[in-house]
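Report on one structure; see the data block that follows.
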Amino acid sequence: MPADPSPATAGVSYPIGATVTDAGTNFCVYAKHASRVDLLLFDRAADAAPARTIVLDPLVNKTYDYWHVFVAGVGSGQLYGYHVVGPPQATAALRFDADKLLVDPYALAVANTENYSRRQAMMPGNNAATGVKSVVVDLRAYDWEEDQPLSRKCVDSLIYELHVGGFTRNPNSGVAADRRGTYLGLIDKIPYLVDLGITTVELMPVQQFDPQAAPNGTNYWGYQPLAWFAPHRGYCAAHDALAPVNEFRDLVKALHRAGIEVILDVVFNHTAEGDHDGPTLSLRGFDNPTYYLLDAADPSRYVDDTGCGNTVNGNEPVVSRMILDCLRHWAEQMHVDGFRFDLAASLSRDERGEPVDRPPLLLEIEADPVLAGATIIAEPWDAAGLYQLTTFAGDRWAVWNGQFRDHVRRFVKGDDGVVSALADHLVGSAQLFRQPDRLPCRSVNFVTAHDGFTLNDLVSYDRKHNEANGAGNQDGTNDNFSWNCGCEGPTADKEIEALRRRQIRNCLTILLCAEGRPMLLMGDEVRRTQAGNNNAYCQDNPLSWFDWDDLRRSADCRRFVRRLIHFHEHSPVFRDRAFWGQPGATAITWHGVRLNSPDWGDGSHALAYELFHEQTGAHVHVMLNAYWEPLAFDLPAPRPGFLWKCLVDTACETADTDNTPPLILAAGQQSLVCEPRSSVVLVSEASPMAAPDSPPTPSVL
């Protein structure tokens, strides 16, 4: 005779999700309009039928709209899911499907992704064998070894945006085959990040996403979340049910030991369930009108401010609390240091889709005491046209500065009329963000990101080449502000290649010599290419992966980036907590080719600026020539007893070693020629006559 099943008792309505105790596990879900909820317990991930079904009694197992049950003896590793039945009189807004296995919205881990079928979840009938199953996780069972979030000040970090899978999936990564494309594979490459000078990694989505949620069936980027609380199983090396949680924690702990903080790219604006024709996976099957914004004229369809088929109803208290619970979970239990919010502007809309001045959810995130030390970064736009770069809510949110990106690209390629805007971006976009007490580092400066051209492709293609995506090259933006330097795509022309290398160095110089928090895209330091594809969301193949042979092919570019990062991280002019030129901050003086005479006219293609940090005496002079002819720039005088040292000259190929002597300008030199389309950075150095024992300095970049 089989043993009697463990007793199931009433349980409690909090905490939500599956909570392990020494005696068993309490299960709780929210399902306001449901008439019946069944908890299904499975023995194996691929099982088509549960080992046990527990029917929740609404008179015993329901408090308000929360369904709950306590199952004695059930512990960490148990697989489970739900069936939810709707009311007899269903409305167009309700999308219950009693045959579909539902993922717990609070699931801490998932299983059976290897057998998952999105198509089966869209068709009538039971899908337990191909459905994603939730996993009970005892969060207490991990040794953090005293690790804590680093809580680094934003002025002290440079962000490196990377894709966990794509970083090491290439066979030439040097990572063991069973660790490629995983959290553990990334651990193996931490020395590379340290050598480059990276202090913060921003991981593209690692919340469990639907890997099949794309027109071609391959969702590489991960912007289709399925379980917000669960680490993505596809990035796990081991196969047991609890491995994703443990391996992700191992990654965070290893990065922290290396002095690198971890920011997650989180997606709370939509889910993988898509539009009205999409699959029933989780939220839709529990309570469709609570979790999503529905079309007022036809509630069987969704408001789509995200371009992904649906929009999460962030103003609904149940949903906003779940998002806050999720952020707290990743901060407290997974020790991440911050979050970048995908399409964050959509979370500032009310239930009618109208933007509000003080969106409750965004202000709650900002003011939450658990998240007080976490970095919070917004992508300040959505797919429905809302653009809140300068008006994003709150006093603490940082924003991806899309105008910095666009104006740097336009200046470097030689467009007219951008010098004035560029100057403001160099000072943390102080005129763009007008709050008097705003921190400059709240501007996240970038030239490239995952969404768009890589830096190599920005200077190699005039137009996008997304044919491989299968959408007739209609997807992806046309507003790239790119220039191919004379030939579309790869070329053997040495002059074009030399110009491309120079243009890359120009972009990097401006990025890392501007005030604000810089962000570098994975592989830009070694000229990673996507063959002109500016929307590689569905390309899980070498087109998107980091090609580790690029370290050899583009060693010069990597050296340039490494030395420039070192300068950015060690010069006091980039540590200011106020905009340059404000009281107590680094003094800035604008120049053109003539001292104190910047040319703000539409036809100008040159700008120079001088920085002086009074407390330390750090003195920097930057000259930017985007013109197609050489320009002679007047030089300000260095301090008495000091000489100008050339730290950067993008017209020069990068020195082969770190020991090449720097170029020291002659005392009294009054001008310097900047070659066409080049940038020069000078730093003051004590004259050998004044300081014969001064330590060695880095070579020219």
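The values are calculated or read from the model by the stated rules, or taken from the named source; none is laboratory data. Note that the structure is a prediction, hence the values are computed from the model and not measured. Virtual Cβ from ideal backbone geometry, glycine too; neighbours counted across all protein chains shown.
For segment 353-383, what are the residues that are touching a Lys or Arg at 6+ places or on another chain (Cβ under 6 Å) and at pLDDT below 95? Correct list: Pro355 only.
Please work out which residue is farthest from the chain's Cα centre (by Cα), limiting yourself to segment 285-310 and to residues that are acidic (Asp, Glu) and surrounded by fewer than 23 Cβ atoms within 10 Å (Cβ to Cβ). That would be Asp298. Of the residues making up segment 595-627, just one is within 34 Å of the chain's Cα centre (by Cα), among the aliphatic types (A, V, I, L, M) and in a loop (DSSP other than H, G, I, E, B), namely Ala626. Just wondering, is there one or more residues in segment 90-100 that are touching a helix residue (DSSP H, G or I) at 6+ places or on another chain (Cβ under 9 Å) and of a type in the set (Lys, Arg)? Yes, some residue in segment 90-100 is touching a helix residue (DSSP H, G or I) at 6+ places or on another chain (Cβ under 9 Å) and of a type in the set (Lys, Arg). Just to verify a result, which residue in segment 569-614, among those that are hydrophobic (A, V, I, L, M, F, W, C) and touching a Ser or Thr at 6+ places or on another chain (Cβ under 7 Å), is farthest from Asp195 (Cα to Cα)? Among them, the one singled out is Trp600.
Filter segment 605-640 for residues that are buried (at least 19 other Cβ atoms within 10 Å of the Cβ) and in contact with a Lys or Arg (Cβ under 8 Å, 6 or more places away or on another chain); which is nearest to Val673 (Cα to Cα)? Among those residues, the one meeting the criterion is Asn625. Could we say that Val419 is in contact (Cβ under 8 Å) with a residue 24 or more places away in the chain and under 24 Å from Ser604 (Cβ atoms) here? Yes.
Exactly one residue out of Asn456, Asn484 is closer than 23 Å to His425 by Cα, touching a residue at least 24 places away in the same chain (Cβ under 8 Å) and either in contact with a strand residue (DSSP E or B) (Cβ under 9 Å, 6 or more places away or on another chain) or assigned by TED's automatic domain parsing to the domain that holds Gly217 (or both): that is Asn456.
Val318 meets all of the listed conditions (1) among the aliphatic types (A, V, I, L, M); (2) touching a helix residue (DSSP H, G or I) at 6+ places or on another chain (Cβ under 7 Å); (3) not in a helix (DSSP H, G or I) but one, namely (3). Residues that are among the aliphatic types (A, V, I, L, M), over 17 Å from Thr168 (Cα atoms), touching a Phe, Trp or Tyr at 6+ places or on another chain (Cβ under 8 Å) and not in a loop (DSSP other than H, G, I, E, B) within segment 196-228 comprise just one, Leu226. Given Gly181, Gly131, which one is at pLDDT 95 or above, out of contact with any Phe, Trp or Tyr (no Cβ under 6 Å at 6 or more places or on another chain) and over 29 Å from Tyr82 (Cβ atoms)? Matching residue, one of Gly181, Gly131: Gly181.
Return the residue satisfying two criteria in turn: it lies in segment 628-644 and is in a loop (DSSP other than H, G, I, E, B) and of a type in the set (A, V, I, L, M, F, W, C), and of such residues it is farthest from Gln669 (Cα to Cα). Checking each candidate, the answer is Trp628. Note on segment 112-138: among residues that are part of a loop (DSSP other than H, G, I, E, B) and of a type in the set (Val, Ile, Thr), the one that is nearest to Asp47 (Cα to Cα) is Val132.
So which residues in segment 376-393 are part of a loop (DSSP other than H, G, I, E, B) and either crowded, with 20+ Cβ neighbours inside 10 Å or not β-branched (Val, Ile, Thr) (or both)? Those that are part of a loop (DSSP other than H, G, I, E, B) and either crowded, with 20+ Cβ neighbours inside 10 Å or not β-branched (Val, Ile, Thr) (or both): Glu379, Pro380, Asp382, Ala383, Ala384, Gly385, Leu386, Gln388, Leu389, Phe392, Ala393.
For segment 568-580, the count of residues that are part of a helix (DSSP H, G or I), in the same structural domain as Ala471 (by TED's automatic domain parsing), under 29 Å from Ala498 (Cβ atoms) and within 27 Å of the chain's Cα centre (by Cα) is at least one.
Restrict the check to segment 156-171 and report whether at least one residue is exposed (fewer than 13 other Cβ atoms within 10 Å of the Cβ) and more than 25 Å from Ile377 (Cβ to Cβ). Yes, segment 156-171 contains at least one residue that is exposed (fewer than 13 other Cβ atoms within 10 Å of the Cβ) and more than 25 Å from Ile377 (Cβ to Cβ).
Taken together, the residues in segment 172-209 that are surrounded by 19 or more Cβ atoms within 10 Å (Cβ to Cβ), farther than 27 Å from Val444 by Cβ and either free of Cβ contacts under 8 Å to residues at least 40 places away in the same chain or under 18 Å from the mean Cα position of the chain (by Cα) (or both) amount to 3. Residues of segment 329-370 that are aliphatic (A, V, I, L, M), out of contact with any Gly (no Cβ under 7 Å at 6 or more places or on another chain), closer than 30 Å to His256 by Cβ and assigned to a helix (DSSP H, G or I): Ala331, Ala344, Ile365, Ala367, Val370.
Determine, yes or no, whether Arg410 is of a type in the set (D, E, K, R), in a loop (DSSP other than H, G, I, E, B) and either out of contact with any helix residue (DSSP H, G or I) (no Cβ under 7 Å at 6 or more places or on another chain) or surrounded by fewer than 23 Cβ atoms within 10 Å (Cβ to Cβ) (or both). In short, no. Applying the condition of being touching a His at 6+ places or on another chain (Cβ under 9 Å) and at positive phi to segment 311-356 and asking which residue is surrounded by the most Cβ atoms within 10 Å (Cβ to Cβ) yields Leu343. Does Thr199 meet the test of being among the polar types (S, T, N, Q) and under 30 Å from Glu569 (Cα atoms)? For Thr199, the condition - among the polar types (S, T, N, Q) and under 30 Å from Glu569 (Cα atoms) - is met. Looking at segment 40-64 only, could you name the residues that are of a type outside the set (Gly, Ala, Ser) and touching a residue at least 60 places away in the same chain (Cβ under 8 Å)? If the condition is that a residue be of a type outside the set (Gly, Ala, Ser) and touching a residue at least 60 places away in the same chain (Cβ under 8 Å), then Leu40, Phe42, Asp47, Pro50 are the ones that fit. The residues of segment 148-202 that are closer than 25 Å to Arg233 by Cβ and not assigned by TED's automatic domain parsing to the domain that holds Glu261 amount to a single one, Pro149. Looking across segment 327-352 at every residue that is at pLDDT 95 or above and of a type in the set (Asp, Glu), the one that is nearest to Leu150 (Cα to Cα) is identified as Asp337.
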